[in-house]
């Protein structure tokens, strides 16, 4: 057996990163141990460069299907294991940064973190070492009514290659638009109409597959596919049909390690600069406590309060405060709040979290205008059984105590 190390493609789609399938074969190893060791090193290097964007990697873990508990799990791990500030637990896409680490993580620590995040940038696949074959997959033009169409990545700039046919089928089914297009073409062009003998060289085997699958129906001389298909069933059906849905071209494995090695070296140099900067920063403080409580460090966690009411309560809280004070009502324009034509900008930071009898006690500090952290002593505590609501309540209490400072700052700008 041979073990193929490949880079997993992640492409930017204007707002988030999506997994576009495995591509770029880096190296072929004789043992799994060798492949895993290099995989760990490359994952570490890639992690150092991409950590600031990981909140936008939507196609991994439970990000899309179960976002809130997933983010809570990852955030808690970063807080407990690496000492991150608890502000990262708040909802929304929080920008991470390697400068949030108090100390340089080891390769082993990053490996465990990536397991929690359920993400990898490189894959190891076992394959028959004799053939060294990969497959390029394409949709059969017989069903499309035009030429065969290759499976491309999400940016359409390269053909995807797969170690096994099953892997290609899984990719095809994952790209649901491909599959629904195929279903529509089959129905419109009546391509799966006729006897089982006309559809397959093994009609009895095809009949058995139909009988044992909830996703296939053969009635009145027409074979119908459900809009949800299991990869194994689809692969078996694909192999049985005289005109398969997905056709495969065998290609020799192309090793690109010679070019990738230079990129790897460049990454290592860049990563060392990142961590050297962290070491220089830490050397300026007498203790870890001094570092964690410094404005320089806390500014890395301070975030602007979004006034978009669809996801957050900050807008309503601020409007309620100004209503209670009287005077001119606030004006909303283009998703922002304005006070006498001056845009309100507020920033938030959690200083401390404690849980008492299933209720969060959150101590927060807020800033405004051009001063995200005006004074670390201007804090307020909010309590609630939900983390975000406790933070919201800390904003309510902070405005009650220090709201006049915000108003005074806005009046200066009028």
Which one of these is closer than 27 Å to residue 136 by Cβ and at pLDDT below 90: 220, 189?
189
Given the condition modelled with pLDDT of 85 or more, surrounded by 18 or more Cβ atoms within 10 Å (Cβ to Cβ) and not assigned by TED's automatic domain parsing to the domain that holds residue 223, answer yes or no: does some residue in the range 47-70 qualify?
no
If you check residue 321 against the conditions, is it surrounded by 12 or more Cβ atoms within 10 Å (Cβ to Cβ) and out of contact with any helix residue (DSSP H, G or I) (no Cβ under 9 Å at 6 or more places or on another chain)?
no
Unmet criterion (only one of (1) surrounded by 17 or more Cβ atoms within 10 Å (Cβ to Cβ); (2) under 15 Å from residue 313 (Cβ atoms); (3) at pLDDT 95 or above; (4) under 32 Å from the mean Cα position of the chain (by Cα)) for residue 399
(4)
Under the condition of being under 16 Å from residue 8 (Cα atoms) and at pLDDT 80 or above, which residue from the range 121-146 is nearest to the chain's Cα centre (by Cα)?
121
How do the pairs read when you match residues in the range 141-162 that are under 17 Å from residue 184 (Cβ atoms) and assigned by TED's automatic domain parsing to the domain that holds residue 247 with residues anywhere that are in a loop (DSSP other than H, G, I, E, B) and at pLDDT 65 or above, using Cβ under 7 Å and keeping only pairs 6 or more apart or on different chains?
141/147; 141/148; 142/191; 142/243; 143/191; 143/245
With respect to residue 312, determine if the residue is in a loop (DSSP other than H, G, I, E, B), outside the structural domain of residue 86 (by TED's automatic domain parsing) and under 33 Å from the mean Cα position of the chain (by Cα).
yes
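The values are calculated or read from the model by the stated rules, or taken from the named source; none is laboratory data. Since the model is a prediction, treat every value here as computed from it, not as a measurement. For neighbour counting, all protein chains shown are included, and Cβ atoms are generated from backbone atoms with ideal geometry for every residue, glycine included.
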